[in-house]
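Just dropping this structure here.
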Amino acid sequence: MKMPDIEHEFAVFLHATLNGIFGYALYSSLKVMRKLIPHKKVVVQIEDLVYWIFMGGYLFVQIYHTNNGKIRWYSILGLVVGCIFLWKILLILRKMWKKIYVFVDGKMRKNP
């Protein structure tokens with residue numbers, strides 16, 4: 001049995017990181033859609049169920065193709081790193097957006 005080399009492990013880690021970013025982006029867009037269009041609690045639960053079924057199947061296929069179906073610690077770490085990375089980026093963008101909004105709003109109120 002051949003042990004995976006470090007290049008392959010790093011490629012799997014990067015692929016898992018991208019999958020984490022994709023999963024978080026997909027769920028974030030689902031949350032944005034919920035804010036734009038009010039949903040009943042039952043519909044939110046169905047959306048969540050469909051999301052998790054989709055992500056479970058998607059991640060299963062991705063792990064199967066990238067790592068022959070073996071779940072390794074760096075695959076899980078990559079998913080978590082991808083989610084945290086996108087969460088931090090969105091947090092920074094939200095803070096920047098608020099500062100820009102407050103600045104523009106202040107300028108608009110001073111110069112009617």
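The values are calculated or read from the model by the stated rules, or taken from the named source; none is laboratory data. Just so it is clear, the model here is predicted, and its values are computed rather than measured. Please note: Cβ atoms are built from the backbone with ideal geometry, for glycine as well, and neighbour counts cover all protein chains shown. These accessible areas exclude ligands, DNA and RNA; they are computed on the full protein's heavy atoms, side chains included. Shrake-Rupley method; radii C 1.70, N 1.55, O 1.52, S 1.80 Å.
So Leu49 ticks every box in (1) touching a helix residue (DSSP H, G or I) at 6+ places or on another chain (Cβ under 6 Å); (2) more than 22 Å from Val80 (Cβ to Cβ) but one. Which box is left unticked?
Among (1) touching a helix residue (DSSP H, G or I) at 6+ places or on another chain (Cβ under 6 Å); (2) more than 22 Å from Val80 (Cβ to Cβ), the lone unmet condition for Leu49 is (1).
Here is a yes/no grid of residues against (1) in contact with an Asp or Glu (Cβ under 8 Å, 6 or more places away or on another chain); (2) under 27 Å from Ala11 (Cα atoms); (3) open to solvent by less than 100 Å² (accessible area, probe 1.4 Å); (4) modelled with pLDDT of 95 or more:
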position	(1), (2), (3), (4)
Pro38	no, no, no, no
Val43	no, no, yes, no
Leu59	no, yes, yes, no
Arg72	yes, yes, yes, no
Val80	no, yes, yes, no
Leu90	no, yes, yes, no
Arg94	no, no, no, no
Phe103	no, no, no, no
Asn111	no, no, no, no
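State the number of residues belonging to the range 1-14 that are open to solvent by 60 Å² or more (accessible area, probe 1.4 Å) and either in a helix (DSSP H, G or I) or over 29 Å from Lys70 (Cβ atoms) (or both).
5
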